[in-house]
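Before any comments, here is the structure.
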Amino acid sequence: MNELDTYIVKSYHFLTLKSILSKESFMKHHFSCGILFSFLILCSACSSLSVRTDYDPTFDFTQLRSYAWLESGKGVSKDARVNNLLIVNAVRVAVEKNLAKRGFVKGDMASADFVVSWLGAIDTRLQNDTIDHFYSSYGYGPLHRGSSWNDSGAPVVAVNEYEVGTIMVDILDPVQHKLLWRGTGQGRIKKDEKPEGVTLSINEAVSAIMKDFPVAEKY
């Protein structure tokens, strides 16, 4: 084999190796992007609003036209963070906007076909997060972070507190205050949210809660 043939063979081997490495890098890049994308979807799902509704199946909701707020003299919550004028007014405005979109008219207790009430709460919950368990799949091994970390590479569980807010909207009979319909929404509260963001979150939550009110007529 002359020098030219040797050069051609070496060049071919170099280009082949480069191609393999490029493909491997490409696969690693896209695999990493896939993991990140899945993680973002998971985080988005965790912050979504959970809504439940219940109602009296024997009641005819088509007869409802006007409403009034139930003035019981009691607060909407025992929690001062919920039972304040700004939050109370924001929820009321959101409920009234949703009722107006459906053609209901606000009136007084004497002539109302139904009355509206709402309650709220903030609960503290715990979340267990497993740390570093995914590193072993990629062959990186445990990270050296000091004596407080598990140097064996076994999963480390961290417990974090977070807050869940609840809004419950009730539709009641105007005479006996019998419960006719209830919509409940629960969602994770964002930390350090600005007043504009709080109002937007309340509007979105109330719209989702009242999406299925009134109950559709059954044929």
So the label point goes 7 Å from the Cα of residue 124 along Cα→C-beta, right? Which residues of the stretch 158-190 then have their backbone N under 20 Å from it? 158-167, 187-190
Suppose the chain between residue 179 and residue 212 were pulled fully straight at 0.36 nm per residue; how much longer would it get relative to their current alpha carbon spacing? 10.3 nm
Using Cβ counts within 10 Å as a stand-in for footprinting exposure, how do 119, 126 rank, fewest first? 126, 119
Output ordering of 191-201, 69-79 (per-residue mean of other Cβ within 10 Å, highest first) is 69-79, 191-201
Along Cα→Cβ, 7 Å out, is where each label goes; now give me the distance between the ones at residue 204 and residue 50 in nm to one decimal. 1.8
Note, residue 53: beta-carbon cut-off 13 Å, +1 each Lys/Arg, -1 each Asp/Glu, net -1
Based only on other Cβ atoms within 10 Å, what is the fewest-to-most ordering of 95, 105? 105, 95
Using +1 on the beta carbon of Lys and Arg, -1 on that of Asp and Glu, and nothing else charged, what's the dipole of the stretch 155-212 about the Cα centre, debye to 20? 100
Run the simple label-point estimate for residue 191 and residue 84 please: 7 Å along Cα→C-beta, distance reported in nm. 1.9
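Only the coordinates and a few stated rules stand behind these numbers; no lab work does. Here the structure is a predicted model, which is why all the values come from computation and not from measurement. Neighbour counts are summed over all protein chains in view; Cβ atoms, including those assigned to glycine, are modelled from backbone coordinates with ideal geometry.
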